[in-house]
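Reading through the structure tokens given below for one structure.
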Amino acid sequence: MPDASATGAAAGTAGTPPAAMQASAAAPAPRVVSTRDQLGFLAMTFGMFMAILDIQIVSSSLSEIQAGLSASADEISWIQTSYLIAEVVMIPLSGILGRLLSTRVLYTLSAAGFTLMSLACAFASNIESMIVFRALQGFLGGAMIPTVFATSYALFPRERQAGVSVMIGLVATMAPTLGPTLGGYLTQAFSWHWLFLINVVPGILVASLVWTCLDIDRGDRSLLRGFDLPGLLLMACFLGALEYVMEEGPRDDWFEDETILVLAIVAAVSGLGFFSRVLTYEQPIVELRAFRDRNFAIGSIYSFIIGIGLYGAVYITPLFLARVRGLNSLQIGEIMAVTGAFQFMSAPIAGMLSKKLDLRIMLTLGLGMFGTGVYLNSLLTHESDFWELFLPQAIRGLSLMLCFIPVNAIAFGTLRPDQLKNASGLYNLMRNLGGAIGLAAINTVLTDRFALHLSRLADSVTWSRPGIPDWLDGMAAQLGAAMPEEAAQRAALKILDGIVQREAFVMTFSDCLMIMAGVFAAALLLMPLVRRPRMAGGGGH
């Protein structure tokens, strides 16, 4: 889509009548961003941090919540699944709600609802009520994420876009990294209830500050006429069923499970109905025309890929450290903190580079570094610990801001200001779907590759293999001092079986990380299609 400001300038110099040029010159000056605006926007950004953090904050404490609520292993997974499903439905809906209610009203209601549901989660007495409260928490809080992106481009002038993007990028990518660490600490130091109580006071402050300080637009109640309720229901069924299939499919052997099969059909049918409705209805619930802009479409694909890497790396590394190394949540958090530390240090560097470097080159560098970090992370052994994982995590931490800042500018830099709210919802939806689909793919790969590696290793570790009988005899002899000979031989076999399973796990995690690295390498192939973006911003026009 051509740059509207550039086109207008060209037209003015080419043949615009003097009267029109005088009228243009008399147009009101752009809105000055006041200290009050900045305080309100800072509160919005912190609210976004809370909403993203809560996706992962429970991940390291599910066993404690399970014990506290007397839930089964299958039920407890819904604490994360229900939140994600509801959030994914709200994110694209936030565009029309922002136009209907105004940014200020929508964000305040979202923050207040998120805070209230956080309090309800802390006092949930059983798993059923917890799942309901978590779904409401995710749904109500989901509007906070895309609203921040749209507001940053609508409020701030172009010359401040780089700095604002650094702050948003740091918050959006740091929250998933810190979630498991903070959650593990709160649970061990206090109790699992504090995973939710920690939101209450900040949530009240965020809602109050946004309501008091930020007033940048007005709601358009005329949008209620012809509101696309069927489109809303189709979208909710499509995204909700799709998210459930992605989350639960790997655990339930995909279409072998009747529920997964039924919901996959629901997702397919409602998805067809949703897209048909959106493309033909006069006032659709979600406006897809932003995808006509080539940069926005490619930026959304990159957002999807970054979601795979961001959520996938935060998921797979702690899983390796827990299953293979046997570390607890605090020890895992200390290792994972390396990524966050280097990400924080890279923020000012990325901000400076975004002002001096072609953003396409910057994104290429960021994607390449992230892929390299994941590839180095794939060179695992069963002894990989803090220092073995330090360099891969440091590179990945440095790369995140180099990815996030330019991909935001690429996606939004060629859109008109009136498209920003709706486009922001679609853009953030792509990142969340990337995370959901990426995690589903990771779990499927983990299951399939572990079975393959375990089978191959088991076939090679036999009595006929040189060295195996001697190793078993030696291990049994060591154990024989503390138990009968027959029991020592069984214990030696059990130890050997454990070693085989451990090595199969190591090879499986390596395969998975290698595939993720390949995804980021493949993403570079789209770069020649990207047009050079501008730092768009409503405040600076």
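At-a-glance table
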| read-out | value |
| --- | --- |
| Nearest-0.05 FRET efficiency for THR280 and GLN188, computed from C-beta distance (R0 56 Å) | 0.55 |
| Cβ-placed point charges (K, R +1; D, E -1), dipole of the chain about Cα centre in debye, nearest 20 | 2460 |
| Computed [θ] at 222 nm, deg cm²/dmol, the chain (DSSP H ≥ 4; -39,500 (n - 2.57); rounded to nearest 500) | -26000 deg cm²/dmol |
| Residue-wise HN-Hα coupling along region 226-242, computed from phi with Karplus coefficients 6.51, -1.76, 1.60 (Hz; x: Gly, Pro) | x, 4, 7, 5, x, x, 4, 5, 5, 5, 4, 5, 4, 6, x, 5, 4 |
| Residues LYS421, LYS355, sorted so that the one with the fewest Cβ neighbours within 10 Å comes first | LYS355, LYS421 |
| Inter-label distance, nm, simple model (7 Å from Cα along the C-beta direction), LEU452/ASN126 | 4.5 |
| Fully extended contour minus Cα-Cα distance, from SER34 to GLU383, at 0.36 nm per residue | 120.3 nm |
| Candidate aspartates and glutamates - alpha carbon under 16 Å from LYS421, same-chain residues fewer than 8 apart omitted | ASP215, ASP217, ASP220, GLU287, ASP293 |
| Charge dipole (debye, nearest 20) of region 228-284; +1 at Cβ of Lys and Arg, -1 at Cβ of Asp and Glu | 340 |
| Listed candidates (1) 29.2; (2) 22.8; (3) 32.0 - label of the one calculated as mean projected area of the Cα convex hull in nm² | (1) |
| In order through region 106-120: 3J(HN,Hα) via Karplus (6.51 cos²θ - 1.76 cosθ + 1.60), integer Hz, x for Gly, Pro | 4, 5, 4, 4, 5, 5, 5, x, 4, 5, 4, 6, 4, 5, 5 |
| Hz values of 3J(HN,Hα) by residue in region 343-356 - Karplus curve (6.51, -1.76, 1.60), Gly and Pro given as x | 5, 5, 5, 7, 4, x, 5, 4, x, 5, 5, 5, 8, 10 |
| Given the chain, longest segment not containing exposed loop GluC sites (Glu not before Pro) (DSSP; at most 14 other Cβ within 10 Å) | 1-281 |
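Coordinate-derived values only; no laboratory data. Values in this document were obtained by computation on a predicted structure and should not be read as measured data. Note that each Cβ is placed from the backbone with ideal geometry, even for glycine, and that neighbours are counted across all protein chains shown.
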